[in-house]
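These notes concern the structure reproduced below.
The values are calculated or read from the model by the stated rules, or taken from the named source; none is laboratory data. Just so you know, these numbers come straight off a predicted model, no measurement behind them. So basically every Cβ, Gly included, is an ideal-geometry build from the backbone, and we count neighbours across all protein chains shown.
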Amino acid sequence: MTHPFSRLLLATEHGEFDTGAEALAFALSRRCALPLAGVLPVVSNPEFEAVAPQLAAKADAEAGARREQLAARARAEGVTLDLRVRHGAEPFAEIVDEARARAADLIVIRRRGKRSLLANLLVGEMVSKVVSHAPCSLLITPRAARMWEREVMLGLDPQAPDTGALALAAGVAAECGMPLHVLCVAGGDAGRAEAERAVAAAVASAAALGCRAQGLIRIGRPHQELLAAASAVGADLIVVGRHGIDRRARAWFGGVAQKVIGLAECPVLVYVPRIETSAT
């Protein structure tokens, strides 16, 4: 089967909270023998530039220095990086627009940024907006993220299994020669039969895609059981759909996916149906 990704985009401000995303993007580029695109968003707008040109020039100079630092690191690690600096009032919009322009099929991004009044958020405000609007799947990384090498854990809603997330998880597991664990969480004993059917179908589908898969059933709260199952089997990559593994949690804020991303100790791959665009 073909590799699940072909166009990687690293979204970074090259700060201390971006180290995990940068390291994992570089590792993916080397592992998959793929070139790596990058976007470094800079907050700017015409009013700011007109009122405070010196501050705008300083911000540009700092962004240029970060760009050169990251480019030098990529060269040192043998990674081909095509990095663009984008200016705009909303960093998330610049990242999303760059993903569309590049026809990216995976955005690699940090989980949270600098501490602030929003420090209690599981996922940073800017990152949550990127996830909500992204035209492709995302790999969201904690600061200590590293390339997965043991197990892949997929969380599926037993009432509405996401076949796209299943295909993505199976593709990654098969490409890396790793086993896949498919988890369905039932709300109670009454939902166990439905979860068992969903798991059996998912395991069969994964096998047809060339992936070694094992099904798991748990009862409880979806995000808690998914994180506990991932820890129990030693999974170092978790895969979920953008709206999580509970079809009742359609909103991004407060949804299962947000809780999994915010609390997981490993990277979380969020499946998003790709919106076809033309690369520039």
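Among residues of segment 132-142 being at pLDDT 90 or above and either part of a helix (DSSP H, G or I) or not aliphatic (A, V, I, L, M) (or both), the one that is surrounded by the fewest Cβ atoms within 10 Å (Cβ to Cβ) is 133. Note on segment 160-213: among residues that are outside any helix (DSSP H, G or I) and touching a Phe, Trp or Tyr at 6+ places or on another chain (Cβ under 8 Å), the one that is surrounded by the fewest Cβ atoms within 10 Å (Cβ to Cβ) is 178. Only one residue in 25, 101, 74 is within 19 Å of residue 137 (Cβ to Cβ) and surrounded by 20 or more Cβ atoms within 10 Å (Cβ to Cβ). Which one? From the options 25, 101, 74, the qualifying one is 25. So residue 112 passes all but one of these: (1) more than 17 Å from the chain's Cα centre (by Cα); (2) at pLDDT below 95. Which condition number does it fail? Of (1) more than 17 Å from the chain's Cα centre (by Cα); (2) at pLDDT below 95, only one is false for residue 112: (1). The selection criterion, being surrounded by 11 or more Cβ atoms within 10 Å (Cβ to Cβ), in contact with a Pro (Cβ under 7 Å, 6 or more places away or on another chain) and at pLDDT 90 or above, does not hold for residue 35. Out of curiosity, is residue 210 closer than 21 Å to residue 6 by Cβ and without any contact (Cβ under 8 Å) to a residue 12 or more places away in the chain? Against the criterion (closer than 21 Å to residue 6 by Cβ and without any contact (Cβ under 8 Å) to a residue 12 or more places away in the chain), residue 210 does not qualify. Would you confirm whether any residue within segment 236-249 is among the aliphatic types (A, V, I, L, M), at pLDDT below 90 and assigned by TED's automatic domain parsing to the domain that holds residue 175? There is at least one residue in segment 236-249 that is among the aliphatic types (A, V, I, L, M), at pLDDT below 90 and assigned by TED's automatic domain parsing to the domain that holds residue 175.
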